[in-house]
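Data first, discussion second: the structure below is written as structure tokens.
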Amino acid sequence: MMLKRKEILLFFLLLTLAACNSNPLKINTSGIKLSLSAERLDQDLFAVTPKNIDLVVPELQKKYSDFFSLYNVEVLAIGDSQDSLYNNYLLTFLQGSTIAEVKKRSDSIFRDFTPYERQLEKAFKHHLYYYPDASIPKIYTYLSEFNQSIVTMPGAIGISLDNYLGSDCDFYRRLGWPLYKRANLVPQKLVYDVLYGWTSQQFEYKGNAENLVSGMIHEGKLLYFLDALVPDGPDSLKIGINQEQLTWCKEHESEMWSYLVENRMLFSSDRMNMVRFINPAPFTTPFGQKSPGKTGVWMGWQIVKSYMKKNPGTTLQGLMTEQDCHKILNESGYAPD
């Protein structure tokens, strides 16, 4: 009889531990219907030749509509397809020796884009779980000769595949890009950059006067939203710093926070503080060369996680509409030790 009682107690103990360790963002999306596929401008554009350009460009304009204009004007910076010199500029781009090499490498990695479509589809199903009436963006892939990785417009998001060719890609070395930047130019990062770009467009910061802690918490909210979209995804791909650097942040969390508090930086509107603690960088200068960049973003993420844990009645929608970052800080109980 005593043995059975112990077994029962052990069973309930295991249930309690499981409940404590469960992730509330892991939800069932099997009932949500969504089929997502990317439009491959990176493939279609290279069908253009000097002989057929007058026929193919109008077809591309019709197929890709406003995104084609965005691509030409904002990404390639060669002007609108109606401009008199447009054909010359487009052919110069397509016939360049570098872009031919870039396309060859891109095709070797992204010829089959299905795995990325399925990852995005899964993430956007999570989005629809929280926002059933949301419109899911159209996805476009293109080559930009290393311009913007992600561009957004109402209802659409574009991905520059040549910015995800691998950290060892010789093109990036030739461009003189630093190692910390190259580390994120990998295929695995693509999906997370798409989701971050889209989330940033959906939830622009409109809160109280900009200061360091507001910027930190706003970025933390965006990363928490990525937690909701990809609950099983690695933190390193969400924030863009590697696992060793994440461990460093955890081990030095209390020291970093104390530094910001003691030096009265949290409510500082000094633009340089925003750059120093939030922008990508090889390291955070005040914390030494072993630290990663974006330590302020990482701390903002921890504040938001603490806030959501302390306020279990707050929904994801409630978090994202809460513009008072100081309120989130005060109610988070964040106090690393």
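The values are calculated or read from the model by the stated rules, or taken from the named source; none is laboratory data. What you see is a predicted model, and the numbers here were worked out from it, not measured in a lab. For neighbour counting, all protein chains shown are included, and Cβ atoms are generated from backbone atoms with ideal geometry for every residue, glycine included.
Go through the residues of segment 133-151 one by one and say whether even a single one is at negative phi and assigned to a helix (DSSP H, G or I). Walk me through how you get there before you give the answer.
So in segment 133-151, the residues at negative phi come out as 133-144, 147-151.
When the remaining residues are screened for being assigned to a helix (DSSP H, G or I), the result is none.
No, every residue in segment 133-151 fails to be at negative phi and assigned to a helix (DSSP H, G or I).
Yes/no per residue for (1) outside the structural domain of residue 75 (by TED's automatic domain parsing); (2) more than 27 Å from residue 90 (Cα to Cα); (3) touching an Asp or Glu at 6+ places or on another chain (Cβ under 9 Å); (4) among the basic types (Lys, Arg):
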{"residue": "106", "(1), (2), (3), (4)": "no, no, yes, no"}
{"residue": "116", "(1), (2), (3), (4)": "no, yes, no, no"}
{"residue": "120", "(1), (2), (3), (4)": "no, yes, no, no"}
{"residue": "128", "(1), (2), (3), (4)": "no, yes, no, no"}
{"residue": "135", "(1), (2), (3), (4)": "no, yes, no, no"}
{"residue": "143", "(1), (2), (3), (4)": "no, no, yes, no"}
{"residue": "150", "(1), (2), (3), (4)": "no, no, yes, no"}
{"residue": "157", "(1), (2), (3), (4)": "no, no, no, no"}
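Taking only segment 155-178 into account, find how many residues are of a type in the set (Gly, Ala, Ser) and buried (at least 20 other Cβ atoms within 10 Å of the Cβ). Please lay out each step first, then the result.
Of segment 155-178, the ones of a type in the set (Gly, Ala, Ser) are 155-156, 158, 160, 166-167, 176.
Cutting the leftovers down to buried (at least 20 other Cβ atoms within 10 Å of the Cβ) gives us 158, 160.
Adding up the residues that qualify gives 2.
Tell me, which helices (runs of 4 or more DSSP H) lie completely within segment 267-337 with 2 or more residues that are within 21 Å of residue 202 (Cα to Cα) and either acidic (Asp, Glu) or not assigned by TED's automatic domain parsing to the domain that holds residue 179 (or both)? Step through it out loud before you land on a result.
On the way: elements: 271-278, 295-310, 316-321, 325-332.
So the answer is 295-310, 316-321, 325-332.
Taking the criterion of being outside any helix (DSSP H, G or I), of a type outside the set (Ser, Thr, Tyr) and at negative phi, would at least one residue in segment 217-229 satisfy it?
Step one: filter segment 217-229 for residues outside any helix (DSSP H, G or I), giving none.
Looking through segment 217-229, none of the residues is outside any helix (DSSP H, G or I), of a type outside the set (Ser, Thr, Tyr) and at negative phi.
Count, please, the residues in segment 232-282 that happen to be in contact (Cβ under 8 Å) with a residue 40 or more places away in the chain and more than 17 Å from residue 210 (Cα to Cα).
Number satisfying all stated conditions: 19.
Which residue is farthest from residue 40 (Cα to Cα), if the candidates are limited to segment 161-179 and must be outside any loop (DSSP other than H, G, I, E, B) and within 16 Å of the chain's Cα centre (by Cα)? Don't jump to the end; show me each part of the working.
If we filter segment 161-179 for residues that are outside any loop (DSSP other than H, G, I, E, B), which is where we start, we get 161-163, 170-174, 179.
Those left that are additionally within 16 Å of the chain's Cα centre (by Cα): 161, 163.
Numbers: 161: 10, 163: 16 Å.
The selected residue is 163.
Condition check ((1) over 11 Å from residue 221 (Cα atoms); (2) free of Cβ contacts under 8 Å to residues at least 12 places away in the same chain; (3) not acidic (Asp, Glu)) across all residues:
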position	(1), (2), (3)
288	yes, yes, yes
296	yes, no, yes
302	no, no, yes
305	no, no, yes
309	yes, yes, yes
314	yes, yes, yes
319	no, no, yes
324	yes, no, no
336	yes, no, yes
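Looking only at segment 209-220, decide whether some residue is without any contact (Cβ under 8 Å) to a residue 24 or more places away in the chain and surrounded by 21 or more Cβ atoms within 10 Å (Cβ to Cβ). If you could, list the steps in order and put the result at the bottom.
Quick first cut of segment 209-220, residues without any contact (Cβ under 8 Å) to a residue 24 or more places away in the chain only: none.
Within segment 209-220, not a single residue is without any contact (Cβ under 8 Å) to a residue 24 or more places away in the chain and surrounded by 21 or more Cβ atoms within 10 Å (Cβ to Cβ).
Answer yes if at least one residue in segment 186-195 is under 14 Å from residue 136 (Cα atoms) and part of a helix (DSSP H, G or I), and no otherwise. Before you say what the answer is, go through the steps one by one.
Here is the first cut: in segment 186-195, the ones under 14 Å from residue 136 (Cα atoms) are 194-195.
Those left that are additionally part of a helix (DSSP H, G or I): 194-195.
Yes: segment 186-195 contains one or more residues that are under 14 Å from residue 136 (Cα atoms) and part of a helix (DSSP H, G or I).
Conditions tested, residue by residue: (1) of a type in the set (Ser, Thr, Tyr); (2) more than 23 Å from residue 197 (Cβ to Cβ).
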| position | (1), (2) |
| --- | --- |
| 38 | no, no |
| 41 | no, no |
| 64 | yes, no |
| 72 | no, no |
| 95 | no, yes |
| 100 | no, yes |
| 119 | no, no |
| 148 | no, no |
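Run down 122, 104, 181 and say which single residue is among the charged types (D, E, K, R), surrounded by 14 or more Cβ atoms within 10 Å (Cβ to Cβ) and over 26 Å from residue 292 (Cβ atoms). Working first, answer last.
Numbers: 104 fails: surrounded by 14 or more Cβ atoms within 10 Å (Cβ to Cβ); 181 fails: over 26 Å from residue 292 (Cβ atoms).
Of the residues listed, the single one that is among the charged types (D, E, K, R), surrounded by 14 or more Cβ atoms within 10 Å (Cβ to Cβ) and over 26 Å from residue 292 (Cβ atoms) is 122.
Every residue, every condition in (1) surrounded by 15 or more Cβ atoms within 10 Å (Cβ to Cβ); (2) within 22 Å of residue 188 (Cα to Cα); (3) modelled with pLDDT of 95 or more; (4) touching a helix residue (DSSP H, G or I) at 6+ places or on another chain (Cβ under 9 Å), yes or no:
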| position | (1), (2), (3), (4) |
| --- | --- |
| 229 | yes, yes, yes, yes |
| 232 | no, yes, yes, no |
| 246 | yes, yes, yes, yes |
| 251 | no, no, yes, no |
| 256 | yes, no, yes, yes |
| 262 | no, no, yes, no |
| 317 | no, no, yes, yes |
